[in-house]
Amino acid sequence: MNKNESKYFNTAILMDEALIHLLDKKDIEFITVKEICEKAGVNRSTFYLHYESIDDLVEETMEYINKKFVDYFNADASNFISGIHDLPIEDLNLVQEKYLTPYLGFIKENKKTFKASFSNPRGMKCLEKYTSLEKYVFVPILSRFDIPANEKKYYIKFYIQGIIAIIKEWVKDDCKDSIQNMQRIIIKCVGKK
């Protein structure tokens, strides 16, 4: 990475972190470029050098968060996705401690961002992320469990919306319950123990 690329990358991280911080205080539609620049410690001209609008920053910030999420897992997520067709069937149950621990840990560490995405899912472009998750993870897993094609959408909605509802309550309560307790609740809700 040359010096200019490094400088651009560092500025992008400052902007992403500034947006995440501001989202803890107010909804996305009330955040201004001026506030982002002040929090990031950069000029407005620097903002417009990198982005056309706050929407562009939101999109980049969501990618930044997704990368942090993948990096948070011990196992390589891309290997998991490419190996879905070959993994033992018991490893495809995502509602187990080895998957829930890093997932819940990440949420707890990034609860500000999750609060913002729950309060403004459209502004934070959450739907696009779930669509990708459905296509590359859930549909192939359900195929391995021989779920009929016409039923897959119902299974996906049940699991995603059910777990998200639990996570929303946990985040709303400032993640006060332990990760272990949340794992137990999620596992119990999907009938695994």
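The values are calculated or read from the model by the stated rules, or taken from the named source; none is laboratory data. Bear in mind the structure is a predicted one, so any value in this text is a computation, not a measurement. Every residue, glycine as well, gets a Cβ built from its backbone with ideal geometry; the counts of neighbours run over all protein chains shown.
Miscellaneous remarks
- Here Ala18 fits the description: under 21 Å from the mean Cα position of the chain (by Cα) and modelled with pLDDT of 90 or more.
- Residue within the stretch 116-130 that is at pLDDT 75 or above, assigned to a helix (DSSP H, G or I) and closer than 17 Å to Ile166 by Cβ present: yes
- Taking residues in the stretch 41-67 that are touching a residue at least 60 places away in the same chain (Cβ under 8 Å), and partners anywhere that are of a type in the set (Lys, Arg) and in a helix (DSSP H, G or I), the pairs with Cβ atoms closer than 9 Å and at least 6 places apart or on different chains are Met62/Lys129; Asn66/Lys129.
- Just one of the numbered conditions (1) out of contact with any Lys or Arg (no Cβ under 7 Å at 6 or more places or on another chain); (2) surrounded by 13 or more Cβ atoms within 10 Å (Cβ to Cβ); (3) assigned to a helix (DSSP H, G or I) is not true of Leu87: (3).
- Candidates are the residues of the stretch 48-59 that are out of contact with any Lys or Arg (no Cβ under 9 Å at 6 or more places or on another chain) and part of a helix (DSSP H, G or I); the one that is surrounded by the most Cβ atoms within 10 Å (Cβ to Cβ) is Leu57.
- Taking the numbered list (1) in a loop (DSSP other than H, G, I, E, B); (2) over 28 Å from Ser143 (Cβ atoms) in turn, Leu94 passes all entries but (2).
- Residue count for the stretch 40-49 under the criterion of being closer than 12 Å to Ala18 by Cβ and out of contact with any Leu (no Cβ under 7 Å at 6 or more places or on another chain): the result is 2.
- Those helices (runs of 4 or more DSSP H) lying entirely in the stretch 136-193 with at least 3 residues at pLDDT 90 or above, in the same structural domain as Glu90 (by TED's automatic domain parsing) and surrounded by fewer than 12 Cβ atoms within 10 Å (Cβ to Cβ): 149-172
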